[in-house]
Structures are given as structure tokens and as C-alpha cells.
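Let me begin by presenting the structure, written as C-alpha cells, before commenting on it.
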Amino acid sequence: MEIGIDVGGTFTDGVVMNGGQVVNWVKKETGEDIASSIQGVLEQLLAGIDPFSVKRVVLSTTLITNIIAQGRVAPAGLILLPGPGVNPRDLPFAAKAEIIKGAVDYRGRIIEKIDPAEVSAALKRFLDSGISRIAVACKFSQRNPALEEEISRLIEEECPAVRVLASSRVSGLLNWVRRANGAVFSLQVSDDYRLFAGEVAVSMERLGLKCPVCILKADGGTIPLEQSLQRPLEGIFSGPAASTLGALAAGGEGLTSVVMDTGGTTTDLALVLEGRPLFSEKGAFVNGYPVCTRAMAVASLALGGDSTITLENGRVVLGERYGKAMCLGGARLTVTDALVYLGLSDLAGREKILPILEEMSRRHGLEAGELAEKAVSIFLESLERKLEEMFAVWEEEPAYRIWQVISGQKKRPRTVVCLGGPAKGLGILWGKKKGWQVIVPRHAQVANAIGAALSKTTLRLDFFADTQQMIYSTNIGGLHGSLEHILPNLEEAKQFAESLFRQAAKELDMPVSRSETLYEEGFNIIRGWNTLGKIYQIGMQTPPGLRAFLEKGAGTGA
């Protein structure tokens, strides 16, 4: 059996899965302490279950998203080495930046050395501003990280209390801006994430769970909890990834559909084409800044089931969440309450919200039903506008255009899988309003946790080789050494990396039928007029996806 847990802003959901069957499920309010919420769900899930029968726990969490969205990040600075011909002031960097000398060219050659006095002066200005976390980003550092490492060493020697992170340690991507922002955000959330991971590990120990714990990534793959400490940003947007996998688990491997996951605060939108989630070619954005995280093409509407209903000058207005729905004990009328009143949700009885709804309606000369219908109608109109906006984005993705050509489909998909607490009611109304096929899975209220539980365990290999020094290294412990022969071109380097990848998978007892390349680079090491060797950087992983689909009764047309 395997456990999936999805920590949302409003509820924490958990499921115990045995293959494609849901053995047990729990839905609890998310408390201030996310780790405690996870432990509470685990305790209920394990009632009557032998902890030794659990083979894996997968978590998707809004922790990183919430820390950044709420501005609870530690201040960080950025030392930039742009090199010639680049004006970093015009680029979207996520932190206060100090620009210093030092440059690496596209072949990985150091064409300008750093000035240690400049580094020291930049450090002093950061410290005077109360900044003690510093990311270092040099253009083309993924081809030669020497300058970034030298600056990191100088800072650590001068001020050991400062936390410093080189962008080349965060990602092997060529994109300099994404690497820099990835290093900034990683530094900013690392303390909170480390605390969270430690508390999860303690909870596992306390509950007698000895199995691996993984974090669901934004691309639908998984990363072991220990490894995620080095790459905390991998777990951002894991909630939308979980809902997309949950929809796919219910809809089947040939599913082509929009996925609409309505939580308490937001509604997430994603797209699945022929059983494959649509990815964003440009990667993820955090607070509008591009980062180096591979992610699905998702978007959030800032309205959810707990969005409040108010009347302003007789006009119905939906606002931000201030707590749970009134029918569940909250203090304010919400969209969920409107659905309950209209008989479109069985979360609670109408009697719990009837007095306040009628009183509010009467004060503004409306009928209670008229107010509820207007509120839900506004929600659906907002959803329709957001969906139109997203289709404009999705249609620009290469994978979407390829799907159109291969499938012969010229029209947009007109099927939606509705997930989350208000899924059934909203799905019924959407189907009537738009004429779409609507799927509300049997376990729609915990579909995200199902997606997490059924996600494939993925293995990632980051490979680096220097044929001048005849060495190679990987991110997998112990998998490094000397090259036995020169790798003359990128193709042979990829074959060698693939052999290491399969060797690691075998030792970890992970069956691998195929791998996918995340990035690949090969370039010459030039000194003077001579080519001395080659540098290769290759990233590969087992493709994300599902281990199993939900068994019979997975979905019902709404």
C-alpha cells in the first residue's frame, strides 16, 4: 500500500491506495503548522493498518508556494557576473543585485577574472542592508562554475555566517536568469523547508513508518525528501501537479480534458492531451519571475469555494477567503454556501445558512435563491474568462500544436474533470452552461491525494564530465569516477550517462523502461588556440506519470 497526502491552503487530504483502489481516505482542515496537519492525517489513515505494509508516502504541499506568496521569505541578495554585451538592469531578477567584474564565455573560458575587492565591497553593502543570504550567478557558469565557486569561497571566508549559493548548483540550464532566480528563491525558503522536512521525518518515525518519503514535483515526478533539501523549489506548484495526476487517474490513459480543481481559496486549471499533461516550455514563474523549475502549464483563478459573498450597492461581489464556509462553521457567506442552498452540494444542510442568506437578501431587495444563483453565476463567468485566457497560452505551447496535428483536432477540448469540494455542483452548472462533457470522479474531494499516491517514483541523474581531466560526476551518491575512454561527442556522452542512469536504477530496484532528457550540453575546452577536451552536462530522468489508474467507478458524468 502507498499513501498520498495533499496539503492545500484549506484542507489536508490523504488516501491509502492499494493498486488502483482507495483503501482509506481522510480530509481535515489545514492548521497553521503544516507538519502537524500531515501527522494528524497520517494518524487517521493508519488506523487499523500495519505501518510496515506501507511502501511509500508521497506529499504534495503548498508550503513553498505559501511562503513566497505571503512574503515570509528571508531577504536575499544577488551577485551578478553578466559579462560583456548584457545589461542585467533590463532583465527580471528576483532580488537586489550587485554587478561585478568577471566573465565566462559561451565556450566556458574565463575571459575576465573577478576582483576580490569588488566582492568584499558588495558583501559589505548587502550586510549593511540586513541581507545575509547571497546568490551568485555568472552567465555560462553551467559550462564553467569556477568564478561562482571562487566568489562563494571568498564570501564564506570573510563572513562565515552568510549563506551563499552558486546558481550552477541549482540547475544545469543554460538560461542565466532562471538559474539566478532559482538560487535566490532556494536560499529564501531553505530554512523553513528544512524545518518542515525534519518535522515530517520525526512524524514518520513516531508513527512507525519506515518507508521512503517523497515530495511530488511540479512536473508530476517525485524527489526523495532528503534530496529535496538541496532543491526545495522542485516542490513548488506540486498541488496542481497532484490534481492533474488525480484527474488522469480517474479519466484513464487516453484522457483529453481540462482539469479544474476548486479549493477553498483558488481554482487551478490544467490541460491533459491524450493522457499527457501539457507542460510549459518556458518553465515555472514565481511571483512573475522565471525560475529553473520544470512545470505543467497551469494557472490559478483567485476564487474558490470559500470566496466570500457580499453585496455592494445591491451588486453581488465575490471576495477573498476569510475562513471556511458558513455551512461548515465559518463566519461569512461563501460560494460553497450558495451551492448548498441551491441543492448543488451535500456538504451540509440548507438550514445552516438559510437565515443569514435570507436576511442578507431581504436587506437588498432580493430573493435568497436569486442571490445564490447570482453568486455562482459570477464565479462561472470568472472561470470562463480565465479559461479563455489559459487556452490562448496553451495554444502557443509546441506540444499543443503537435497534438492538434497528430490527432486532427482543430477545436479545443470540451471535456472538464472537476475536482475539489465544490466539484459536483460547479460541474453540473458548467455542463449546462457550456454544453461540455463533465467528469466528476468518485473521489473528487481527495483526487489530489490520489494523484500523489499513484505518481511514479522518478529517478533523476545530473551528469557532468570533463574529458580533459578524464573525470565524471553525478548527483547520485557514489556514482562518479574516472572516464575510461574519451567521449568524443555529445551522443556518446549521452550513452554513457544513460548507462550510469540504468545502473543507478538497478541498484535502487527501480524498473526503468525509458528515460527522458531534461537538458544536454557539450562544448570544447579551449586554451589559446588548442582544444584540450570537452565538458558535458546532461540531465535525464524517468518520465513522470502514473503507476496505476483508478479501478471501476472512477468517473461519472455530471
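The values are calculated or read from the model by the stated rules, or taken from the named source; none is laboratory data. Here the structure is a predicted model, which is why all the values come from computation and not from measurement. Cβ sites come from the backbone with ideal geometry, for glycine too, and all protein chains shown count toward neighbours. The accessibility values were calculated without ligands, DNA or RNA, using every heavy atom of the protein model including side chains. Shrake-Rupley method; radii C 1.70, N 1.55, O 1.52, S 1.80 Å.
Does any residue of the range 486-504 turn out to be modelled with pLDDT under 90 and closer than 28 Å to residue 109 by Cα? For the range 486-504, residues modelled with pLDDT under 90 and closer than 28 Å to residue 109 by Cα: present.
Every residue, every condition in (1) touching a Pro at 6+ places or on another chain (Cβ under 6 Å); (2) in a loop (DSSP other than H, G, I, E, B); (3) among the small types (Gly, Ala, Ser), yes or no:
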| site | (1), (2), (3) |
| --- | --- |
| 92 | no, yes, no |
| 101 | no, yes, no |
| 108 | no, yes, yes |
| 120 | no, no, yes |
| 127 | no, no, no |
| 131 | yes, yes, no |
| 134 | no, no, no |
| 141 | no, yes, yes |
| 144 | no, yes, no |
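Scanning the range 497-551 for residues that are more than 24 Å from residue 273 (Cβ to Cβ), free of Cβ contacts under 8 Å to residues at least 24 places away in the same chain and hydroxyl-bearing (Ser, Thr, Tyr) turns up 499, 531. The set of residues in the range 4-49 being in a strand (DSSP E or B) and under 19 Å from the mean Cα position of the chain (by Cα) consists of 4, 5, 6, 7, 11, 12, 13, 14.
Results for (1) open to solvent by 50 Å² or more (accessible area, probe 1.4 Å); (2) touching a residue at least 12 places away in the same chain (Cβ under 8 Å); (3) touching a helix residue (DSSP H, G or I) at 6+ places or on another chain (Cβ under 7 Å), shown as yes or no for each residue.
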{"site": "407", "(1), (2), (3)": "no, yes, no"}
{"site": "411", "(1), (2), (3)": "yes, no, no"}
{"site": "419", "(1), (2), (3)": "no, yes, yes"}
{"site": "428", "(1), (2), (3)": "no, yes, no"}
{"site": "433", "(1), (2), (3)": "yes, yes, yes"}
{"site": "439", "(1), (2), (3)": "no, yes, yes"}
{"site": "451", "(1), (2), (3)": "no, yes, yes"}
{"site": "457", "(1), (2), (3)": "yes, yes, no"}
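As a summary of the residue check, residue 127 satisfies the conditions (1) over 25 Å from residue 290 (Cβ atoms); (2) open to solvent by less than 10 Å² (accessible area, probe 1.4 Å) except for the one numbered (2).
Number of residues in the range 377-403 that are in contact (Cβ under 8 Å) with a residue 60 or more places away in the chain and of a type in the set (Lys, Arg): the value is 1. Within the range 336-350, the set of residues being among the small types (Gly, Ala, Ser) and under 17 Å from residue 427 (Cβ atoms) comprises 338, 343, 345.
This table checks each residue for (1) farther than 14 Å from residue 403 by Cβ; (2) open to solvent by less than 30 Å² (accessible area, probe 1.4 Å); (3) in a helix (DSSP H, G or I); (4) of a type in the set (Asp, Glu).
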residue	(1), (2), (3), (4)
244	yes, yes, yes, no
254	no, no, no, no
258	no, yes, no, no
282	yes, no, no, no
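Note on the range 343-363: residues that are assigned to a helix (DSSP H, G or I) and more than 23 Å from residue 315 (Cβ to Cβ) total 3.
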